[in-house]
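Bear in mind these aren't lab numbers, they're just calculated from the coordinates by the rules spelled out. Owing to the predicted nature of the structure, the values given are computational and were not obtained by experimental measurement. Please note: Cβ atoms are built from the backbone with ideal geometry, for glycine as well, and neighbour counts cover all protein chains shown.
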Amino acid sequence: MDEHWLAVEVLSRSSRMYDREFKRDAYFALGVAEVWHVDIRDRSVEVCRRRGPGEFARDVISWHVSALDFVVSIDLREIFAGLP
């Protein structure tokens, strides 16, 4: 895989530990550059760029595709606004 790959996981109660630990590291082993864990209950996204805990975002999140010199920005407040 190229360095511009992004994996996005929506966490569920039943698999959140598995997704955060095992699957995150498996994605990195496959060459994924960045993993986002979307937590709908917490209305946050954990951004992981390496093994171990990542950084949490609750407002705006950006993904830089270096191979294309392109940045995608997402306003999480808008995404989560319609949730109960």
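Taking every residue in region 34-58 that is within 15 Å of Ala7 (Cβ to Cβ) and pairing it with any residue that is among the hydroxyl-bearing types (Ser, Thr, Tyr), at least 6 positions away or on another chain, the pairs with Cβ-Cβ distances below 7 Å are Val35/Tyr27. Which one is farthest from the chain's Cα centre (by Cα) among residues in region 73-84 that are assigned to a strand (DSSP E or B) and surrounded by 11 or more Cβ atoms within 10 Å (Cβ to Cβ)? Ranking the qualifying residues of region 73-84, first place goes to Asp75.
Considering region 45-60, the residues that are assigned to a strand (DSSP E or B) and touching a Ser or Thr at 6+ places or on another chain (Cβ under 7 Å) include one that is nearest to Phe28 (Cα to Cα), namely Phe56.
Would you be able to say whether some residue in region 49-60 is β-branched (Val, Ile, Thr) and under 12 Å from the mean Cα position of the chain (by Cα)? Before the answer, list the steps.
Taking region 49-60 and keeping what is β-branched (Val, Ile, Thr), we get 60.
Next cut, under 12 Å from the mean Cα position of the chain (by Cα) only: none.
No, region 49-60 has no match at all.
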